[in-house]
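A short reminder: the numbers here are calculations on the coordinates, not readings from a lab. What you are looking at is a predicted structure, and each value in this text was computed from that prediction instead of being measured. Note that each Cβ is placed from the backbone with ideal geometry, even for glycine, and that neighbours are counted across all protein chains shown.
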Amino acid sequence: MSKLQTFLEFLYQKYQPLKFGNLASYIPQLAKANPEWLAISIVSTDGTVVEIGDFQENFTIQSISKVFLYGMALEDCGREALLGKVGVEPTGDPFDSVIRLDENSKHPDNPMVNAGAIATTSLIRGKETTDRLNRILEMFRRYMNRDVFVDVSVFMSEKATGHRNRALANLLLNFGIIDHNIEEILDLYFQQCSIVVNCHDLAMMAATLANRGIHPISKEQAVQPDYVRDILSVMYTCGMYNYAGEWAYKVGIPAKSGVSGGIIGVVPGKAGIAVFSPLIDPRGNSIRGVRIFEDLSQEFGFHLLDVSMGRCKFLDCL
Ligand code: GLU
């Protein structure tokens, strides 16, 4: 057994008994998750997979989709045009906050908060809504190397209860960021949040970003390599809700979390990591997930700003 597999078993035993946190309940379907679920998957850029726990358990991707939609919006609009609509400043505010958009910025501060993701979704090209959804599903297929589908009951649940997102969309219309077809844009936003993944898929997607946009196994280009740097930059500064600063300080890799309990992390050039555990803290981050990433970063020297000798011992431990 590799040193990494042994360490994942140690982490699983250490954190499985931890029962702090709550299931996300503002989207009623998410409250049906099993709080016991815990999975860790790591995929190196050469396609080696090391994983443990419930890594085949399906759940909806939620906000982790924002990363990949941002990449697609960059491809569809180009960097400068997209920057004109959606900024790259961290907010320190909750992901669904309305206040800053209304009182200060008048445009989404970054693509990792809901206002920004609704705006990037509106920029995805396609003649009809179904063409746009199909392009999005096809993009996710390249990252996962398998067919992708939407959990319709989660989508309906989000659509029925997403009043804050509707408020954000109306403000974006008011500020001229999106156009009038708000319900279509929101449907597309809720659908991409409701895409079904498991922890293994998420690690593959993260490894694809670590590998300049090339899927480690299929070798298919999922996103143009020139945009990977932009995607990883906003993940690094804005990816962990209003915990992004502390995450950058302690863990030190680009990451994104979602309220269903997933977290992805990218060690550029080396590996993609995913943890899934649905008990989240008040900011929306998986509680076990954050601790496991902290331990992994410490053990294998992942912090990107740490230049000590012998940093990133990970590749020797597969
Ligand atoms: N679909 C969710 C929402 O917009 C995403 C939440 C999240 O994972 O941050 O409320």
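Over every Cα atom in the range 186-233, the radius of gyration and the widest Cα-Cα span, Dmax, amount to 12.2, 33 Å. Once the range 59-174 is represented by equal point scatterers at the alpha-carbon sites, with solvent omitted, what log10 I(q)/I(0) does the Debye formula produce at q = 0.10, 0.19, 0.23 Å⁻¹? Taken in order of the listed q values, log10 I(q)/I(0) reads -0.30, -1.12, -1.48.
Evaluating 6.51 cos²θ - 1.76 cosθ + 1.60 at θ = phi - 60° for every residue in the range 173-184, the Karplus couplings come out as 5, 4, 8, x, 8, 10, 9, 6, 7, 4, 5, 5 Hz, glycine and proline recorded as x. If you run the Gaussian network model on the chain, springs between alpha carbon atoms under 10 Å, then out of SER233, SER277, SER260 the most flexible one is SER233. With a threshold of 32 Å on the Cα-Cα distance, the over-threshold entries among LYS66/LYS313; LYS3/LYS256; LYS32/LYS270; LYS66/LYS219 are LYS32/LYS270. Highest mobility in the GNM of the chain, judged by mean-square fluctuation with C-alpha springs under 10 Å and restricted to THR208, THR48, THR237, is found for THR48. The GNM of the chain, with springs linking C-alpha atoms under 10 angstrom apart, assigns the highest mean-square fluctuation among ASN22, ASN110, ASN211 to ASN22.
Note on the range 84-239: Rg/Rh from C-alpha atoms, Kirkwood Rh, equals 0.96. Sorted from longest to shortest, the spans of the Cα atoms of the chain along the three principal axes equal 56, 39, 37 Å.
Ratio of alpha-carbon Rg to the 2.2 N^0.38 Å globular estimate for the range 165-318, to two decimals, please.
Cα Rg divided by the expected 2.2 N^0.38 Å: 1.14.
The ranking of LEU202, LEU133 by Cβ neighbour count inside 10 Å, starting from the fewest, reads LEU133, LEU202.
Check each of the GluC sites (Glu not before Pro) in the range 1-94 and keep only those in coil by DSSP with at most 14 other C-beta atoms within 10 angstrom; list them in order.
GLU36
The trypsin sites (Lys or Arg not before Pro) of the range 121-210 meeting both criteria, a DSSP state outside H, G, I, E and B (loop) and at most 15 other C-beta atoms within 10 angstrom of the site's C-beta, are ARG125, LYS127, ARG146. Between GLU183 and GLU246, the contour length at 0.36 nm per residue exceeds the Cα-Cα span by 19.1 nm.
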